[in-house]
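The values are calculated or read from the model by the stated rules, or taken from the named source; none is laboratory data. For clarity, every value in this text was computed on a predicted model and none was experimentally measured. Glycine also receives a Cβ, built like all others from the backbone with ideal geometry; neighbour counts cover every protein chain displayed.
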Amino acid sequence: MNLLEVTNLSKEFDGLQALDGVSFTAREGEILGIIGPNGAGKTTLFNLISGIYPPTGGDIRFRGKPIGHLKPHQISHLGIGRTFQIARPFQNLDVETNLLVAFGHRFYPSLSKSTRPFRQPETVGEVQVLIERVGLGPFTKQMAKNLPLGIKKRLEIGRALALKPRLLLLDEPSGGLRFEESAQLMDLIRQVCDEGIGVLLIEHNMQVVMDLCRRILVLDHGCRIAQGSPDEIRSHPQVIEAYLGREA
C-alpha cells in the first residue's frame, strides 16, 4: 500500500525553482532512499512533506489524504515524523525528559491542558520502552548536551518515534558518524522498517543507501533524474554525471 503519493510537486523561492515537478510514491515497511548533490532539493522536499513550506504546485497525499495545505503539527498528528540534519534535542534536559516532551503532543492537545503534570507513570513507562527500543538505556539520565553525536542521532530518531508515526523522514542520519556508529544506526533503521513504518532516507553516504534501500530516488537541480534499484542507480548515466561531472 502507498503511504505517500507525491505528484508534480514544485517549490519556488523568489524566482528560484528549488523543486520542479517531482513525483514518487512511498510504501509501508519500505526504506526509500533519496540522494543527489548538494542543492538538489532533497531537504526542500522534506520541508514540503512535513509542512514547513507550502508547495508552489503539485499534490502531496498521505494515506490518501491531501496534506499540502496543513501545518507541521497537523501533519505530525496524522503520522509523519521527522529528524533534521543537525540533531536538535533540548540540550539542558536529560534523555528521558527529551522523550517525555516528545510524547506530550498526545496529552496536550490545547494550551489550556498544558499545565497537567507530564511525568505520569503510564507516560514514563512508554518512554522507558522507547528508550530500550532505540538503544538509549545507558544514557537515560544524561543531559543531551553531553551526549556523543551518535547517541544524539538515536535520540532524534527516538523523539520522532514518540509521535508513533506511520512514515519517518530521516535527513542524513549517518552524517558525521564513524563506521561503527553508522552500522549500528543502520540496524536501528532496519528495525523501524520491520515494524511496518515507512522510511524516507536522505543520505550522502552511498554505502548506507545501497545497503538499506531497495528503491532509490535521485534528484538534481530540483528535478527527478532517476528512480530504481541500487544496481540500476549505480549504472545510470545521468546519476553518474550528476555526481562526477560530464567529463568523468
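Conditions (1) touching a Ser or Thr at 6+ places or on another chain (Cβ under 8 Å); (2) among the small types (Gly, Ala, Ser); (3) farther than 21 Å from Leu48 by Cβ; (4) at pLDDT below 95, marked per residue:
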{"position": "Glu180", "(1), (2), (3), (4)": "no, no, yes, yes"}
{"position": "Ala183", "(1), (2), (3), (4)": "no, yes, yes, yes"}
{"position": "Ile197", "(1), (2), (3), (4)": "no, no, no, no"}
{"position": "Ile202", "(1), (2), (3), (4)": "yes, no, no, no"}
{"position": "Met206", "(1), (2), (3), (4)": "no, no, yes, yes"}
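In region 200-208, is there at least one residue being in the same structural domain as Phe46 (by TED's automatic domain parsing), touching a Phe, Trp or Tyr at 6+ places or on another chain (Cβ under 7 Å) and touching a residue at least 60 places away in the same chain (Cβ under 8 Å)?
Checking region 200-208: at least one residue is in the same structural domain as Phe46 (by TED's automatic domain parsing), touching a Phe, Trp or Tyr at 6+ places or on another chain (Cβ under 7 Å) and touching a residue at least 60 places away in the same chain (Cβ under 8 Å).
Determine if region 164-180 includes at least one residue that is part of a helix (DSSP H, G or I), outside the structural domain of Thr123 (by TED's automatic domain parsing) and surrounded by fewer than 21 Cβ atoms within 10 Å (Cβ to Cβ).
Scanning region 164-180 turns up at least one residue that is part of a helix (DSSP H, G or I), outside the structural domain of Thr123 (by TED's automatic domain parsing) and surrounded by fewer than 21 Cβ atoms within 10 Å (Cβ to Cβ).
With region 1-111 as the region, which helices (runs of 4 or more DSSP H) entirely inside it contain at least 1 residues that are under 21 Å from Arg154 (Cβ atoms) and not assigned by TED's automatic domain parsing to the domain that holds Val208?
Details: elements: 42-49, 72-78, 95-103.
Filter on region 1-111 gives 95-103.
Would you point out the residue of region 188-228, among those that are polar (S, T, N, Q) and outside any strand (DSSP E or B), that is nearest to Val22 (Cα to Cα)? Walk me through it before giving the result.
Applying the first criterion (polar (S, T, N, Q)) to region 188-228 yields 191, 205, 207, 227.
Subsequent filtering for residues that are outside any strand (DSSP E or B) retains 191, 205, 207.
Details: Gln191: 29, Asn205: 23, Gln207: 25 Å.
Filtering region 188-228 for residues that are polar (S, T, N, Q) and outside any strand (DSSP E or B), the one nearest to Val22 (Cα to Cα) comes out as Asn205.
Residue-by-condition table, conditions (1) in contact (Cβ under 8 Å) with a residue 60 or more places away in the chain; (2) closer than 26 Å to Glu126 by Cβ; (3) of a type in the set (Lys, Arg):
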| site | (1), (2), (3) |
| --- | --- |
| Lys145 | no, yes, yes |
| Lys152 | yes, yes, yes |
| Ala162 | yes, yes, no |
| Pro165 | yes, yes, no |
| Asp171 | yes, yes, no |
| Gly175 | yes, no, no |
| Phe179 | no, no, no |
| Gln184 | no, yes, no |
| Ile189 | yes, yes, no |
